[in-house]
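What follows is calculated from the coordinates using simple rules that are stated; it is not laboratory data. None of the values given here were measured: they were computed from a predicted structure. Cβ atoms come from the backbone with ideal geometry, glycine included; neighbour counts cover every protein chain shown.
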Amino acid sequence: MNELLINKTTAFFQKTFGTTAEKIVLSPGRINIIGEHIDYNDGYVLPAAIDRIICFAFEKNNSNQSRIIAIDLNDEFQINLKDPIELTDNVWTNYVRGVINQLKLKGFELEGFNCVFSSNIPVGSGLSSSAALECGFLFGLNELFNLNIKPVDIALMGQSAEHWVGINCGIMDQFSSVMGIENKVIKIDCRTLEYEYHNADFIDYSLILFDSNVKHSLMTSAYNERREQCEEGIAIIKNNFPEITSFRDCTEQHILGLQNVMSPNVYKRSLFVVKEINRVIEACEALDSGNIEALGKLMFETHEGLSTDYEVSCAELDMIVNTLKSEDAVVGSRLMGGGFGGCTINLIKKGHENRIKKQLSGLYLETFGIELKIYDVKIGNGTSLYKNN
Ligand code: GAF
């Protein structure tokens, strides 16, 4: 699938500019095994890059003017790098502008370039196509102009670009897109940005994403609101327990004791965060000891918490997870990413995938009148130059 995408991108480049691209970059989307809404709460997360990517082709063009083409959208824009960078109504261009803005803020002087890109990461499904766009684009400019930006800084600058566009996200998506390694999940300490890889080849299980094919409009504002509620929560905790500096140092008992001084929402969000941080630690132990059943159980618990305490689920996602809960062959299932639509991540015993896909699709269509989309994913490598470069 990715070879086709690479051929399409490079052929388009050749046809448009009459030259062969100088740099070809592949930048993946991500999954997250567990640790949702935890990155901006200074806890641990367990994501991985996947084998769905954006392919970029770049060349310098010896001018001040740069041209960036989104092949799949049949859309493009030109930008004079000397001009101030501003947000526009054309959303995809803002991620690219955000990256250029970051480079300018950091004092990098770019010359003009041409860039085309094409993707097989579904957009709006919670697979972080925006992080892949930011990080892949920045990675490409880093290579093209020898900027010497380190991988973790590419992730951080990608995150700042996303903030500039309007989502006050954590570091998980950009970090996993840049730092992913095939068949490994990354345990990221989002407070220190220390990280370690854990083997995750899931020999007897398939990683399948069920895409609810809905995107509730609340997403951006609700996401930012959750973050503010958690900030309020940790401020109250610090006031009452000065020795505590972040949620990871709290026990459930700490939060339970603060029920009277927290608003009901802040209380529920805080409780979820403390429990979810502990689940990530347990999930790593389960993974390392090959206890996939235990890992799956934690995933179900995460969904429950996201639905009732964090309130970022929706009827469609709840229906998928609740349906799969009664299936022996599904060891774990939960909504993945920011919520309010997008995908569930599911661990399904090999040999049962087709039956479950068929049954769930039928039931989903019958219940909501919406077609379920399904993606089989493998854990892949982070952003890199294509090997032929
Ligand atoms: C989105 C954000 F971009 C991430 O930083 C993370 O908070 C995630 O939602 C929820 O875990 O993907």
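Where does each of Leu256, Leu287, Leu317 land when they are ranked from fewest to most other beta-carbon atoms within 10 angstrom?
By the 10 Å Cβ count, ascending, the order reads Leu256, Leu287, Leu317.
In nm², what is the average projected area of the convex hull enclosing the Cα atoms of the range 106-233?
Mean projected area of the Cα convex hull: 10.6 nm².
For the chain, with equal point scatterers placed on the C-alpha atoms only and solvent neglected, what are the log10 I(q)/I(0) values from the Debye formula at q = 0.07 1/Å, to two decimals?
Here log10 of I(q) over I(0) equals -0.32.
For the range 335-380, which GluC sites (Glu not before Pro) are both in a DSSP coil and crowded by at most 14 other Cβ atoms within 10 Å?
Glu371
How large is ³J(HN,Hα), in whole Hz, for each residue of the range 304-321 in order, when computed from phi with the Karplus curve 6.51 cos²θ - 1.76 cosθ + 1.60 and θ = phi - 60°, using x for Gly and Pro?
Karplus values, whole Hz, x for Gly and Pro: 4, x, 5, 7, 8, 9, 8, 6, 10, 8, 7, 4, 5, 5, 4, 5, 4, 5.
Could you tell me how many degrees, from 0 to 90 and to the nearest 10, lie between the Cα long axis of helix 219-240 and the main elongation axis, the longest principal axis, of the Cα atoms of the chain?
Helix 219-240 sits at roughly 50 degrees to that axis.
Using the per-residue mean of other Cβ atoms lying within 10 Å as a proxy for protection, in what order, highest first, do the peptides 328-336, 39-47, 355-363 fall?
Descending packing order for the listed peptides: 39-47, 328-336, 355-363.
Enumerate the calculated ³J(HN,Hα) couplings along the range 347-354 in order (Karplus 6.51 cos²θ - 1.76 cosθ + 1.60, θ = phi - 60°), each rounded to whole Hz, writing x wherever the residue is Gly or Pro.
10, 10, 4, 4, x, 10, 4, 5
Once you place label points 7 Å from the Cα toward the Cβ at Ser361 and Lys378, how far apart are they in nm?
2.2
Averaging the inverse of every distinct alpha carbon separation and then flipping it gives the Kirkwood radius. What is it for the range 235-389, in angstrom units?
Kirkwood radius, the range 235-389: 17.8 Å.
Rounded to the nearest 500 deg cm²/dmol, what is the calculated helix-only ellipticity per residue at 222 nm for the chain, with -39500 (n - 2.57) per DSSP H run of length n ≥ 4?
That comes out to -14000 deg cm²/dmol.
Would you calculate the separation in nanometres between label points at Lys8 and Lys60, each defined as 7 Å from the Cα along the Cα-to-beta-carbon direction?
Distance between label points: 3.1 nm.
Which of Ser326, Ser118 has the fewest other C-beta atoms within 10 Å, and how do the rest follow up to the most?
Ranked by crowding around the Cβ, least crowded first: Ser326, Ser118.
At a threshold of 8 angstrom on Cα-Cα distance, excluding pairs fewer than six apart, so keeping six or more, what relative contact order does the chain reach in percent?
24
Can you pull out the GluC sites (Glu not before Pro) in the range 102-189 whose DSSP state is coil and whose Cβ has at most 12 other Cβ atoms within 10 Å?
When the GluC sites (Glu not before Pro) of the range 102-189 are filtered for loop state and at most 12 Cβ neighbours within 10 Å, Glu109 remain.
Where a Cα-Cα gap under 28 Å defines reach, which lysines qualify for Lys357, not counting those fewer than 8 residues away within the same chain?
Within the straight-line cut-off, Lys357 pairs with Lys184, Lys215, Lys297, Lys325, Lys349, Lys373, Lys378.
Which aspartates and glutamates does Lys82 reach when only Cα atoms under 13 Å apart count, and residues fewer than 8 places away in its own chain are ignored?
Candidates past the 8-residue exclusion: Glu109, Glu111.
Mind ordering 196-203, 52-59 by average Cβ neighbours within 10 Å, highest first?
The densest-packed peptide leads the list: 52-59, 196-203.
Can you give the FRET efficiency to the nearest 0.05 for Asn354 and Ile203, using r as the Cβ-Cβ distance and R₀ = 22 Å?
FRET efficiency, Asn354 to Ile203: 0.70.
For labels at Glu282 and Val123 in the simple 7 Å Cα→Cβ model, what's the distance in nm?
3.9
Length gain on complete extension for the stretch Thr88 to Ser263, per 0.36 nm per residue less the alpha carbon to alpha carbon distance?
59.3 nm
Tell me the net charge near Ser130. Cut-off is 9 Å between Cβ atoms, Ser130 excluded, with +1 for each Lys or Arg and -1 for each Asp or Glu.
-3
Check the straight Cα-Cα distances from Lys268 and name the lysines below 18 Å, setting aside those fewer than 8 residues away within the same chain.
Qualifying lysines at Cα under 18 Å: Lys238.
Treating the beta-carbon of each Lys and Arg as +1 and of each Asp and Glu as -1, no other charges, what is the dipole magnitude of the chain about its Cα centre, to the nearest 20 debye?
Computed charge dipole of the chain: roughly 640 debye.
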